[in-house]
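**Q** This is the structure I have questions about; it appears just below.
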Amino acid sequence: MKKQDEGFTLIELLIVIVILGILATVVVFSVRGITDDGQQNACDTDYRTLEVAVEAYYAQYGSAGGDPSDADLVAAGLIRTGTSENYTVTNGSISAVSPGDC
């Protein structure tokens, strides 16, 4: 064996490191978008859950039960306490706790 056949050159190693860095950058930016979509989907799901609970409350109690609040929905067994951190139900309407989050 000759001495020049024993390993990789510095240039070859640098090229591999640059390619790995480019791949890592692409992965980081693509994952960042996924987490933003996840937060929006969680907000949409919270809203739909409360919307269905309010409709079920009206179906069960009618207008005689009055307009439900969070406590009324919990008492009726339609949601659990702390179901949504993003929305609250007051007088039968759903509103965002902090509008900037959802």
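**Q** Identify the single condition in (1) surrounded by 10 or more Cβ atoms within 10 Å (Cβ to Cβ); (2) part of a helix (DSSP H, G or I) that Asp67 does not satisfy, given that it satisfies every other one.
**A** Evaluating Asp67 over (1) surrounded by 10 or more Cβ atoms within 10 Å (Cβ to Cβ); (2) part of a helix (DSSP H, G or I) leaves (2) as the failure.
**Q** Please specify each residue of the range 70-85 satisfying the condition of being touching a Ser or Thr at 6+ places or on another chain (Cβ under 8 Å) and either modelled with pLDDT under 85 or more than 11 Å from Ala53 (Cβ to Cβ) (or both).
**A** Of everything in the range 70-85, those that are touching a Ser or Thr at 6+ places or on another chain (Cβ under 8 Å) and either modelled with pLDDT under 85 or more than 11 Å from Ala53 (Cβ to Cβ) (or both) turn out to be Thr83, Ser84.
**Q** Answer yes or no as to whether Tyr87 is free of Cβ contacts under 8 Å to residues at least 40 places away in the same chain, surrounded by 10 or more Cβ atoms within 10 Å (Cβ to Cβ) and among the aromatic types (Phe, Trp, Tyr).
**A** Numbers: free of Cβ contacts under 8 Å to residues at least 40 places away in the same chain: no; surrounded by 10 or more Cβ atoms within 10 Å (Cβ to Cβ): yes; among the aromatic types (Phe, Trp, Tyr): yes.
Against the criterion (free of Cβ contacts under 8 Å to residues at least 40 places away in the same chain, surrounded by 10 or more Cβ atoms within 10 Å (Cβ to Cβ) and among the aromatic types (Phe, Trp, Tyr)), Tyr87 does not qualify.
**Q** Moving on. Any residue in the range 32-51 that's surrounded by 14 or more Cβ atoms within 10 Å (Cβ to Cβ): show its pairings with residues that are in a helix (DSSP H, G or I) and at pLDDT 85 or above at Cβ separation under 8 Å, as long as the two are six or more apart or on different chains.
**A** Leu50/Leu73
The values are calculated or read from the model by the stated rules, or taken from the named source; none is laboratory data. Not measured: the values here are computed from a predicted model. Cβ coordinates were reconstructed from backbone atoms using ideal geometry, including for glycine residues, and neighbour counts include every protein chain displayed.
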